[in-house]
């Protein structure tokens, strides 16, 4: 009986020591090391890839924003976004896709409506956009609805409208797009892209210099 109690107490003590050691290693030491390395070597990425303008954080390079006026470059549509309806204390945006199939009549109507709007918004005196010139990312939302990038084709399609709205030359705005076009990651992953927030900040700075 005494041996049984002694063995049980020994096992419990061994288990408790293992719990304390593992808690210290995995719950304290490991997170501190990982956080320290991230802050030292990847500070910007570890802190949310923040983008600043005039000394203030205006967003993240990883999260797309909506609500730009036509003086700025427009992002992809965000048809899958929703508004938090449970905890109404905060105005939270819920990301997501529309989950509409390719043959959905609703999706087709959304795309056609979006295409007509893109043509209307970007056709300015001396430059008319054709429906056939509208790229897919201009009329479809991403899986999250928060894609921060657009294709170079969609950015270039908006150049004349942005130039006209801001009193800039087309060549100056074209250069702005070219300077902010990123190539494929590692040269072969993904597609060339333009970060809308970074491009619009550069546009704002260019307009301020006029």
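Each value in this text was obtained by applying a stated rule to the coordinates, not by laboratory testing. If you're wondering where the values come from, they're calculated on a predicted model, not measured in any experiment. For neighbour counting, all protein chains shown are included, and Cβ atoms are generated from backbone atoms with ideal geometry for every residue, glycine included.
In deg cm²/dmol, rounded to 500, what helix-only [θ] at 222 nm does the chain give when every DSSP H run of at least 4 residues adds -39500 (n - 2.57) and the total is split over its residues? Numbers along the way, then the final one.
On the way: 8 runs with 94 residues, N = 210.
Here the helix-only value at 222 nm equals -14000 deg cm²/dmol.
Ranked for footprinting exposure by Cβ neighbours inside 10 Å, fewest first, 207, 173, 159, 57 give 57, 207, 159, 173. Going from the fewest other Cβ atoms within 10 Å to the most, the residues 73, 42, 188 appear in the order 188, 42, 73.
Rank these for me by crowding, 201, 150, 63, going from fewest to most other beta carbons within 10 Å.
Values: 201 19, 150 24, 63 16.
Placing the least packed residue first, the sequence is 63, 201, 150.
Here segment 2-43 yields Rg over Rh of 1.41, to two decimals, using C-alpha coordinates and the Kirkwood radius.
Per the Debye formula with a single identical scatterer at each Cα and no solvent contribution, what log10 I(q)/I(0) holds for the chain at q = 0.13 Å⁻¹? Debye output, listed in q order: -0.88. Distance between the pseudo-spin-label points of residue 205 and residue 37 (7 Å out from Cα toward the beta carbon): 3.3 nm.
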